[in-house]
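Take a look at the structure below.
Coordinate-derived values only; no laboratory data. Every value quoted in this text rests on a predicted model; they were computed, and no experiment measured them. Note that each Cβ is placed from the backbone with ideal geometry, even for glycine, and that neighbours are counted across all protein chains shown.
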Amino acid sequence: MEFPKALIIDDEEDTCLLLGSILKQKSIRTTVAHSIADAKYALTTEVPDIVFLDNRLKDGLGLDFIPAILHDHPKLKIVLMTAYDTPGDRDKAMQNGAVGFIGKPFTRTIIADALRRVF
């Protein structure tokens, strides 16, 4: 059996390392992209099972990138992450097709709960 794969899209190295470590403990392989441009390229080389997408990236908003991801990969599960956890952003993320919404900072338990909802 092949292990699930996650793409982490976040411009903060510490967040990528922490989330990657948590996912590795759950036997999930990870790839990291630090911008929307990097993520677009990563999605052309290998399609993951889940994407953890930061909302505020240097080249755009994750909220606005969700529909583009789902247009090309409609079955992909996307969890939006943000340090600016507002009800409006949460609603928009779900309307745009995200399956989860995580405020930062997050804990192992929060990530585990998000994974349970997806897998």
Dimensionless Rg over Rh [segment 6-46; C-alpha; Kirkwood] | 0.98
Would you calculate, for the chain, the mean residue ellipticity at 222 nm contributed by helices, counting each DSSP H stretch of 4 or more residues as -39,500 (n - 2.57) and dividing by all residues, to the nearest 500?
-> -13500 deg cm²/dmol
Label points 7 Å out from Cα along the Cβ direction at Ala112 and Val99: separation in nm?
-> 1.9
Let me have the relative contact order for segment 11-103, percent, based on Cα pairs under 8 Å that are six or more residues apart.
-> 23
Exactly which trypsin sites (Lys or Arg not before Pro) in segment 47-119 are in a DSSP loop and have at most 12 other Cβ atoms within 10 Å?
-> Lys58, Lys75
Would you tally the net charge around Ile36, using a Cβ to Cβ cut-off of less than 12 Å, leaving Ile36 out, and scoring K and R as +1, D and E as -1?
-> -3
Could you state the number of Å between the C-alpha centres of segment 60-76 and segment 16-34?
-> 20
Rg over Rh [alpha-carbon atoms, Kirkwood Rh] for segment 80-119 = 0.96
How far apart, in nm, are two points set 7 Å out from the Cα along the Cα-to-Cβ line at Leu17 and at Lys40?
-> 3.0
Radius 13 Å from Cβ of Arg108, net charge of other residues (Lys, Arg +1; Asp, Glu -1) | +2
Net charge near Glu12: determine it from the other residues with C-beta under 12 Å of the C-beta of Glu12, scoring Lys and Arg +1 and Asp and Glu -1.
-> -2
Of the convex hull enclosing the alpha-carbon atoms of the chain, the direction-averaged projected area in nm² is 6.7
Dipole of segment 11-103, Cα-centred, from +1 at each Lys and Arg C-beta and -1 at each Asp and Glu C-beta, to the nearest 20 debye?
-> 340
Considering only DSSP beta bridges with both partners in the chain, what is the antiparallel share in %, to the nearest 5?
-> 10
